[in-house]
1. At 4 °C and 1.567 mPa s, what whole-number value in µm²/s does Stokes-Einstein give for the translational diffusion of the protein assembly as shown, with Rh from the Kirkwood sum over Cα pairs?
2. With a point put 7 Å past each Cα toward its Cβ, work out how far B:Leu61 is from A:Thr32 in nm, to one decimal.
3. Go ahead and estimate [θ] at 222 nm for chain B from helices alone: -39,500 (n - 2.57) per DSSP H run with n ≥ 4, summed, over the residue count, rounded to 500.
4. Return A:Ser140, A:Ser123 ranked ascending by Cβ neighbour count within 10 Å, so the fewest neighbours appear first.
5. Could you work out how far helix A:60-72 tilts from the main Cα principal axis of chain A, as a 0 to 90 degree angle to the nearest 10?
6. From the label point of B:Arg43, set 7 Å along Cα to the beta carbon, how far off in nm is each other copy's matching point, shortest first?
7. For a quick check: sort A:Met225, A:Met119 by the number of other beta carbons within 10 angstrom, fewest at the front.
8. Within the range B:66-81, which residues have the backbone N less than 17 Å from the label spot 7 Å out from B:His104 along Cα→beta-carbon, could you tell me?
There are 2 protein chains.
Amino acid sequence: MSGSGWIAIAGLGPGSDAMVTPQVTEALAQATDVIGYIPYVARVAPRAGLTLHPSDNRVELDRAGHALQLAAAGRRVVIVSSGDPGVFAMAVALFEALDNGPPHWRDLRIDVLPGITAMLAASARAGAPLGHDFCAINLSDNLKPWDLIERRVRLAVEADFAIAFYNPRSKARPDGFAAILHLLREACDDDRPILFARAVSTPDETLHIVPLSQATPDMADMRTMVIVGSSRTRLIERTAGAILYTPRSAA
Amino acid sequence: MSGSGWIAIAGLGPGSDAMVTPQVTEALAQATDVIGYIPYVARVAPRAGLTLHPSDNRVELDRAGHALQLAAAGRRVVIVSSGDPGVFAMAVALFEALDNGPPHWRDLRIDVLPGITAMLAASARAGAPLGHDFCAINLSDNLKPWDLIERRVRLAVEADFAIAFYNPRSKARPDGFAAILHLLREACDDDRPILFARAVSTPDETLHIVPLSQATPDMADMRTMVIVGSSRTRLIERTAGAILYTPRSAA
């Protein structure tokens, strides 16, 4: 075991290289190994001395253990996430593996390098819907009971947060988001604005802002960020596209 | 009025240039005018052809109107915020001014360029306390009633969100954060971990993680990000400093 190994858990941002921070670029330049989900590793240019380890979805803990073993053997490992690694991404899986792994792993240097998370990229493209108090909820029920998700959404509406939904809908979970829209319709006015921001900053980017009454489940997939405005969120109509923002004043 | 003017509302991140995105750097290179709060404008290097317009705190709407006037006159204007401009920062003020200003302002090109917001920089330095569902609450009551803030904090605890507090305490508001700590003690266990992350990524950076029972109001000031864990948030003790993270599983 070498003392020179390290792990950086790095956020690549939403898609465009123009949103990758210099410290992430620098970590990738120093790495011997890059680990992550296939489409994120595909964003890293191959070069001599760098081993790419793309892996499938839903193997986060295996990936984390692999990274820790490589770093313990003296390798310089970057784990890549899209967005920010600390928001519904690889940082937590790494720390779960560390928490439950051999004690010598705790001597490793581990840095989390933040990135532009999906909700902030989506918010920026649409205006500033998260400009006032807000919350972020992962709609995947792989690791938490669905009841808890619905309970959190109800309390978030009661608190009048703007709400950012990560992982709103997938082929494996086609119905949950429909239930969330139903719940929102019971709790909010028909004209509450909802942003569907898909693949922000990539060539596939689309943005749609609709009132709650016109939102349908098929407007979201796994590449979509959904942001529900608070009761105060407003639209500014423009020829160049509407702007969605939440005023600072809550009175 | 020239058609070539534009406004970019840019996030400079928490302090280190290593966290400024390339698109923000590029916008600053193309700007004729930079507008913002004095310490943020001070982060932009002077150069020929660039006019810096530093202004005092709490003049957000004046600053926004000034930016819109300059852009309408054909200037290329960057409004700088620390962190992310869409999170308790200048993007909302700009859109408030646009919403209430002359119609021709709506023809201007306006881009929001996201940045690494304080809570994500703080979370990354401490581990991944925001790795599960979370909310962000601004504790300044300049523009909202204090009752609403307390109500939101109570509902956030009930939803078992991790909670990021922006602007926890200032000289003008010395007592609010003490009231929040009191409220948290009524609702949470004594050992609920709280992160106080001050001036992250700057030479003044300090990090403290304490149990709720040991948290005191003077641990926070206006440069401090406060993150309260959820009921699931855990500590990993290490020689190199404890890691704070919130597991993905909520069961």
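Throughout, read-outs are computed from the coordinates displayed, never taken from laboratory work. Just so we're clear, the structure is a prediction, and the values are computed from it rather than from any experiment. Note: ideal-geometry Cβ built from the backbone for every residue, glycine included; neighbour counts use all protein chains shown.
1. D = 57 µm²/s.
2. 5.9 nm
3. Calculated mean residue ellipticity at 222 nm is -8000 deg cm²/dmol.
4. Details: A:Ser140 19, A:Ser123 32.
In increasing order of surrounding Cβ atoms, one gets A:Ser140, A:Ser123.
5. In chain A, helix A:60-72 runs at an angle near 30 degrees to the longest axis.
6. 2.1
7. A:Met225, A:Met119
8. Counting only backbone N, you get B:66-76.
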